[in-house]
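Read the structure below first, then the notes.
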Amino acid sequence: MSNHPPATPESAAAPTASPPAEARLLGLEDWLTVIVMAALALITFANVLVRYFTNSSFAWTEEISVFLMIVLAMVGGSAAVARDRHIRIEYFSESGPARRRQRLAQLGALMVALLFATMAVLSVRVVWDDYRFEETSPGIGVPQWWYSVWLPVFSTLIAARALGHGLRSWRRARQEPGA
């Protein structure tokens, strides 16, 4: 299902404008999703082949697959927040007057930003502890911070996306008559 209007001869002849910066930036999450999904599929397929032909498996595949699934969840969360598709109770967020809906959207964006900013700050402490105490991963034995460093990075990205969404909602509310 597409949100784009159907193509007409007039729209086909019109020059195409470059997509807005927000849509171009969402390409980052889209491409990361594609890359992570492809890596997961390749790793899993390789492990299945090795198991089938040798009766053993690659020990490292599970560790990397778990890491990639966490990255996928964080990237998907970032895209959902940026596209305003995050989880909410539609009964409350879509009912009532327009001003109330705008305020709820702004409050939701602020709460998401606050949650993920807190996660980013707290997870930096986890990364520092992993680094300081030289923790290693259980399967491969690489430094644990190689995995944990991505939690504050993606949490910060999600917080920034939520703040951006909240600011856009606030600007729209100010531009509308009667606001």
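The values are calculated or read from the model by the stated rules, or taken from the named source; none is laboratory data. None of these values were measured; they are calculated from a predicted model. Virtual Cβ from ideal backbone geometry, glycine too; neighbours counted across all protein chains shown.
Being under 15 Å from VAL81 (Cβ atoms) and of a type in the set (A, V, I, L, M) is true for just one of ALA120, ALA173. Which residue is that?
ALA120
With the condition kept exactly as written, say whether any residue in the stretch 43-59 is at pLDDT below 90, surrounded by 15 or more Cβ atoms within 10 Å (Cβ to Cβ) and β-branched (Val, Ile, Thr).
Looking for residues that are at pLDDT below 90, surrounded by 15 or more Cβ atoms within 10 Å (Cβ to Cβ) and β-branched (Val, Ile, Thr), one finds none in the stretch 43-59, hence no.
Filter the stretch 72-82 for residues that are more than 16 Å from LEU151 (Cα to Cα) and either without any contact (Cβ under 8 Å) to a residue 12 or more places away in the chain or loosely packed, with under 13 Cβ neighbours inside 10 Å (or both) and give the result.
We begin by selecting, within the stretch 72-82, every residue more than 16 Å from LEU151 (Cα to Cα); these are 80-82.
Result: ALA80, single match.
For the stretch 83-131, give me each residue that is within 21 Å of the chain's Cα centre (by Cα) and in contact (Cβ under 8 Å) with a residue 60 or more places away in the chain.
Residues satisfying the conditions are ASP84, ALA105, GLN106, ALA109.
Kindly list, by first and then second residue, each pair from a residue in the stretch 133-148 that is part of a loop (DSSP other than H, G, I, E, B) to a residue that is hydroxyl-bearing (Ser, Thr, Tyr), limited to pairs with Cβ atoms under 7 Å and residues at least 6 apart or on different chains.
SER137/TYR147; VAL142/THR136; GLN144/THR136; GLN144/SER137
Of the residues in the stretch 148-174, how many are touching a Ser or Thr at 6+ places or on another chain (Cβ under 8 Å) and either of a type in the set (A, V, I, L, M, F, W, C) or surrounded by fewer than 19 Cβ atoms within 10 Å (Cβ to Cβ) (or both)?
4
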